[in-house]
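Structure record follows, encoded as structure tokens.
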Amino acid sequence: MRTMKELALQMDQTDPLACYRDEFYIKEKLLYLNGNSLGLMSKRAESTVLEVLDSWKQYGIDGWTQGKREWYTLSEKLGRKMAELVGAKPNEVIVTGSTTVNIHQLIASFYQPQARRYKIITDTLNFPSDIYALQSQVKLHGYDPEDALIQIESHDGLLIEEADIIAAMEDDVALIFLPSVYYRSGQLIDVAGITREAHKRGIKVGIDACHSAGVIPHAFHDWHVDFAVWCTYKYLNSGPGGVAALFVHEQHHGLEPGLAGWFGSDKEKQFDMLHQFEPASDVGAFQIGTPHILSLAPLMGSLEHFSEVGITNLRKKSLSLTEYMMDLIEERLVGHGFKIVNPRDKARRGGHVCLEHPDAARICKALKANEVVPDYRSPNMIRLAPIPLYTSYFDVYDAISRLKQIMDDQVYLQYPNQRDVVA
Ligand SMILES: Cc1ncc(COP(=O)(O)O)c(C=O)c1O
């Protein structure tokens, strides 16, 4: 029978995506399993950043309209390029703002509470920034978040049951805002099913796809999701603080943006400089101010990988990598106190593996000292994300072997079991 090491080597040999690894800057010996927080830099992203710097150098202000890729409509162009990744029409995605700002923009636009229908459903496991945004949006309408925000409870502190979300869809609910994949446990929720049930009850649905965009296919248009937001610096490799994206279903084009700004204008009319706002006729209307061109630049290069490989192929390899990683953990780390807490089922599993361990903080420190980059989430979680574009099966084998060594030798006990400032 083949050993797990032989299996890794064989899967790498037959991996059709293996050639993409060389397109990324990966330090020798470093095993980077944190691309679900910040994706690595690719050579193509680097070259499009340099290209933008060069247009700035050469054209100055005229870079907005001249050069190989003029900046004035870059957000629209990148949106069209990204649409396929989330199953949207080209005029339904715009690359703009940051995730949190885009949440504010779309909640401000879609949340139109009525006297008897004013509540928002979200959950207790959601990312803090999403909750803060929802709290402030309901307060802006004069409601108390304690009353107007329904946070669905988890039964085990890890997963949210779709049935509980559906059961909370009562007549007083105006809107639902949920993640597609939970940032801790990596649970993938049934966005299509939830949207279907919500729409039967006249409730709108918004999705935060930060942890699925670029690793899991979606069909936002066909599922009739009303709106969605996601960042680009995780699986989409746009670099720290890279510009985010948003989706607004075509049926809502024409809806007045809650937060208007001049870059949301009809592009032909923007420079008429009138005080009467004339929004773009499509998703472009939801932009606010001048796009951050230097933070859009890497996406021009990094998105090429996604167009070439296709999201279905990326998902296939991601599922295979996480399956292999979980098999290895179960085979090699027995008796070391780890618990795999992400769903095993492919229909409910996102792009990362999540391990619980009471010494998680110091195990992560020991991993880093051994050139494995995990991600720690307080108080006891280790997230490990093998990235289909640049993680090999052997990397996974090597990372789990280094983890086993750290546990066997109890090296982790040398470190304090506390998180760092950025964890
Ligand atoms: C699920 C989710 N939502 C929102 C955010 C906040 O994104 P930003 O800080 O770019 O606004 C993050 C950041 O990691 C996230 O993971």
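The values are calculated or read from the model by the stated rules, or taken from the named source; none is laboratory data. Here the structure is a predicted model, which means the values were calculated and not measured. Here the Cβ positions follow ideal geometry from the backbone for every residue, glycine too, while neighbour counts run over all protein chains shown. Protein only, heavy atoms only, side chains kept; ligands, DNA and RNA dropped before computing areas. Shrake-Rupley method; radii C 1.70, N 1.55, O 1.52, S 1.80 Å.
Phe338 sits with roughly 40 Å² accessible to a 1.4 Å probe, with DNA, RNA and ligands left out of the calculation.
Placing Ser109, Ser307 in order of accessible area, with the largest value first and a 1.4 Å probe, yields Ser307, Ser109. Loop-resident trypsin sites (Lys or Arg not before Pro) (DSSP state other than H, G, I, E or B) in the range 329-423 with no more than 12 further Cβ atoms inside 10 Å of their Cβ: Arg344. With 20 Å as the limit, the listed pairs Lys43/Lys68; Lys43/Lys368; Lys27/Lys339 have Lys43/Lys368; Lys27/Lys339 beyond it between alpha carbons.
Ser47 contributes about 60 Å² of solvent-accessible surface, heavy atoms of the protein only, 1.4 Å probe.
Taking His275, His249 and ordering them by how much accessible surface each has at a 1.4 Å probe, largest first, produces His275, His249. Each part reduced to its alpha carbon centroid, the range 203-272 and the range 1-74 end up 23 Å apart. Treating each Cα of the range 1-156 as one equal point scatterer and applying the Debye formula with no solvent, the log10 of I(q)/I(0) at q = 0.17, 0.19 Å⁻¹ comes out as -1.14, -1.22.
Which aspartates and glutamates, if any, have their Cα less than 20 Å from the Cα of Lys269, not counting same-chain residues under 8 positions apart? Filter leaves Asp62, Glu70, Glu76, Glu256, Glu278, Asp282. Amide H contacts of Val373: Leu31, Tyr32, Leu33, each under 5 Å away and 5 or more positions distant or on a separate chain (H built 1.01 Å from N in the peptide plane; Pro and chain starts excluded). When the accessible area of the chain is split by element with a 1.4 Å probe, what percent falls to carbon and sulfur? Roughly 51 percent of what the probe reaches on the chain is carbon or sulfur.
Computed on protein heavy atoms with a 1.4 Å probe, the accessible areas place Asp266, Asp345, Asp171 in the order Asp171, Asp345, Asp266, largest first. Give me the tail of P(r) for the range 230-381 as a percent: Cα-Cα pairs with distance above 20 Å. For the range 230-381, the share of Cα pairs beyond 20 Å comes to 67 percent. Rounded to two decimals, the Cα radius of gyration of the chain over 2.2 N^0.38 Å is 1.01. Ignoring everything but the protein chains, give the 1.4 Å probe accessible area of Trp56 in square angstrom, nearest 10. Per-residue accessible area (Trp56): approximately 150 Å².
Straight-distance candidates among the aspartates and glutamates for linking to Lys365, with alpha-carbon spacing under 12 Å and chain neighbours fewer than 8 residues away dropped: Asp375, Asp420.
Remark on Asp123: its backbone amide H falls under 5 Å from those of Ile152, a criterion applied only to residues 5 or more positions apart or on other chains, H modelled at 1.01 Å from N. Solvent exposure of the range 49-308 amounts to 42 Å² per residue of accessible area, where only protein heavy atoms count and the probe is 1.4 Å.
Considering only the other residues whose Cβ falls under 9 Å of the Cβ of Phe306, what net charge follows from Lys and Arg at +1 and Asp and Glu at -1?
Working: positive: Lys81; negative: Glu84, Glu304, Glu308.
Net of charged neighbours comes to -2.
Among the listed pairs Lys317/Lys404; Lys57/Lys267; Lys89/Lys200, which have their C-alpha atoms separated by more than 29 angstrom in this model? Beyond 29 Å between Cα atoms: no listed pair. Just for the chain, what percent of DSSP beta bridges are antiparallel, to the closest 5? Bridges in the chain that DSSP calls antiparallel: roughly 55 percent. Here the chain is scanned for GluC sites (Glu not before Pro) in DSSP loops (not H, G, I, E, B) that have at most 13 other Cβ atoms within 10 Å, and the longest stretch holding none of them is 269-423.
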